[in-house]
Amino acid sequence: MKKPQRSTAIFLLILSALLLVAMATFFYLKTQRQSAKTSPTKPALTVSTAALEQSLLPQRLSANGAIWPWQEAVIGSEAGGLRLTEVRVNVGDQVRKGQILATFAIESVQAEVAQAQASLAEAQANALDAAGNAEKARSLQRSGALSEQQINQFQTAEKTASARMLSARAMLEVQQVKLKQTRLLAPDDGVISARNATLGAVVGAGSELFRMIRGGRLEWRAEVTSSELSRIKTGMSVNLLAANGLPIKGKVRMIAPTVDPQTRLALVYVDLPLQAGAPNDPAAIRAGMFASGEFEMGKTMGLTAAQQSVLVRDGFSYVYTLGEDGHARQLKVQTGRRFGERIEIREGLAPGAVLVTSGAGFLNDGDLVRVVNPPMPPTASTAANPVPTKPQP
């Protein structure tokens with residue numbers, strides 16, 4: 001009879017222990033729930049927020065192209081068979097219209113001029129003698145001392161001598177022009193871009209000796225697709241960035257009347273300022289450089305956000321918004337134009353949405369955050385009329 005009583009006692013002890021454990025577990029979980037309600041989770045990060053704004057953004061069209069001379073003049077020799085005795089300019093020199101670029105040997109030309117002058121003097125003397133004989137013949141025409149045939153001969157000799165005199169004078173003028181051509185002059189103001197003249201060389205007529213950029217003017221020839229060509233107008237402003245980093249302001253001068261049938265691209269000619277191509281400026285642009293540019297096509301309104309609010313991950317743009325529970329929510333957006341520290345939001349957000357700005361790059365979707373926005377700067381009216389404060393006693 002002692003064994004059943006002992007077993008019952010052990011069973012009751014075990015049951016009591018299990019009840020105590022169950023009660024302790026229940027009270028522990030209840031305490032944890034109450035503490036969870038009374039003490040919230042610690043925020044992962046402190047951030048600031050800003051709302052989307054309506055901003056006036058510039059509308060631009062990007063293009064690429066090369067820089068070329070506005071017009072390039074070819075300067076060659078007009079007189080052939082003469083020797084170059086002096087070359088006064090080199091590549092990069094600025095020249096004025098009428099400035100002497102090179103000179104040729106003039107000895108042979110001077111001799112030809114002297115010969116032409118002597119021929120003219122002889123022709124003038126013969127013309128004077130023939131004119132006197134013809135005048136005498138005409139005075140004797142009524143007397144009958146000379147026949148009609150003889151009188152015609154004297155008059156013909158007068159006209160022939162006069163024609164020879166004119167021919168000799170024309171030959172003298174030709175030689176004088178040739179003498180002037182021994183000095184090679186600049187046809188216009190500009191910059192020497194190429195030189196083929198070699199001292200001592202005997203050049204032929206029409207040989208190219210120099211090339212010159214007229215007026216020192218350069219232009220940017222932008223390549224624009226045929227679909228975008230209609231958006232560009234003459235006189236439109238253009239912002240260029242040369243390969244050397246020099247920013248340039250240009251203006252559309254003309255648009256090509258045809259489109260390349262192979263590339264479907266058209267050329268837009270943009271005038272560049274004269275000082276941008278100054279050869280003595282080490283930061284100047286040069287003909288043949290590559291440049292990228294943007295055509296300014298006006299301004300339009302758009303939704304913008306602070307640039308630090310937009311994150312690029314895996315090739316897509318994302319922003320963070322805050323829910324009512326204080327948790328960050330990641331949203332995918334489509335961005336557009338950039339202007340200063342603002343970036344356009346084209347799709348993915350509604351006007352007035354509030355975005356996380358500072359600290360957005362350290363967040364993950366669903367993180368609990370604490371918002372601390374910096375104080376707003378005073379407005380113009382507040383700054384002009386500050387609120388008076390009571391003096392301290």
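The values are calculated or read from the model by the stated rules, or taken from the named source; none is laboratory data. Treat the numbers as computed from the prediction; the structure is a model and nothing was measured. Please note: Cβ atoms are built from the backbone with ideal geometry, for glycine as well, and neighbour counts cover all protein chains shown.
Select, from Gly92, Gly80, the only residue that is surrounded by fewer than 17 Cβ atoms within 10 Å (Cβ to Cβ), within 30 Å of Val238 (Cα to Cα), outside the structural domain of Phe154 (by TED's automatic domain parsing) and modelled with pLDDT under 90. Show your work before the answer.
Details: Gly80 fails: within 30 Å of Val238 (Cα to Cα).
From the options Gly92, Gly80, the qualifying one is Gly92.
For Val238, state whether it is at negative phi, assigned to a strand (DSSP E or B) and among the aliphatic types (A, V, I, L, M).
Considered against the rule, which asks whether it is at negative phi, assigned to a strand (DSSP E or B) and among the aliphatic types (A, V, I, L, M), Val238 comes out as yes.
Tell me which of these Phe154 doesn't satisfy, since it passes every other one: (1) hydrophobic (A, V, I, L, M, F, W, C); (2) in the same structural domain as Glu208 (by TED's automatic domain parsing); (3) over 58 Å from the mean Cα position of the chain (by Cα).
Checking Phe154 against (1) hydrophobic (A, V, I, L, M, F, W, C); (2) in the same structural domain as Glu208 (by TED's automatic domain parsing); (3) over 58 Å from the mean Cα position of the chain (by Cα), the one that fails is (2).
For the range 195-240, enumerate the residues that are under 21 Å from the mean Cα position of the chain (by Cα) and acidic (Asp, Glu).
Selection gives Glu219, Glu223, Glu228.
Which residues, taken from the range 79-111, are part of a strand (DSSP E or B) and of a type outside the set (Ser, Thr, Tyr)?
Leu82, Arg83, Leu84, Glu86, Val87, Gln94, Val95, Ile100, Leu101, Ala102, Phe104
Could you say which residue among Ala157, Ala170 is surrounded by 14 or more Cβ atoms within 10 Å (Cβ to Cβ) and in a helix (DSSP H, G or I)? Steps first, answer last, please.
Working: Ala170 fails: surrounded by 14 or more Cβ atoms within 10 Å (Cβ to Cβ).
That would be Ala157, the only listed residue that is surrounded by 14 or more Cβ atoms within 10 Å (Cβ to Cβ) and in a helix (DSSP H, G or I).
Among all residue pairs at least 6 apart or on different chains, which show Cβ distances below 8 Å where the first residue, located in the range 250-263, is free of Cβ contacts under 8 Å to residues at least 60 places away in the same chain and the second is of a type in the set (Phe, Trp, Tyr)?
Listed by first residue and then by second, the contacts come to Gly250/Trp220; Val252/Tyr269; Val252/Phe295; Arg253/Tyr269; Met254/Tyr269; Ile255/Tyr269; Ala256/Tyr269.
So if I check each of Glu158, Glu219, Glu228, Glu208, which one is of a type in the set (Asp, Glu) and within 25 Å of Ala116 (Cβ to Cβ)?
Glu158
Could you list, in sequence order, the residues of the range 209-235 that are of a type in the set (A, V, I, L, M) and either loosely packed, with under 15 Cβ neighbours inside 10 Å or within 18 Å of Leu265 (Cβ to Cβ) (or both)? Outline the logic, then answer.
The initial filter retains those residues of the range 209-235 that are of a type in the set (A, V, I, L, M), namely 209, 212-213, 218, 222, 224, 229, 232.
Result: Ala222, Val224, Leu229, Ile232.
With Gln153, Gln176 as the choices, which residue is without any contact (Cβ under 8 Å) to a residue 24 or more places away in the chain and not acidic (Asp, Glu)?
Only one candidate passes the filter, namely Gln153.
Within the range 272-295, is there a residue that is out of contact with any Cys (no Cβ under 6 Å at 6 or more places or on another chain), in a strand (DSSP E or B) and polar (S, T, N, Q)?
Within the range 272-295, one or more residues are out of contact with any Cys (no Cβ under 6 Å at 6 or more places or on another chain), in a strand (DSSP E or B) and polar (S, T, N, Q).
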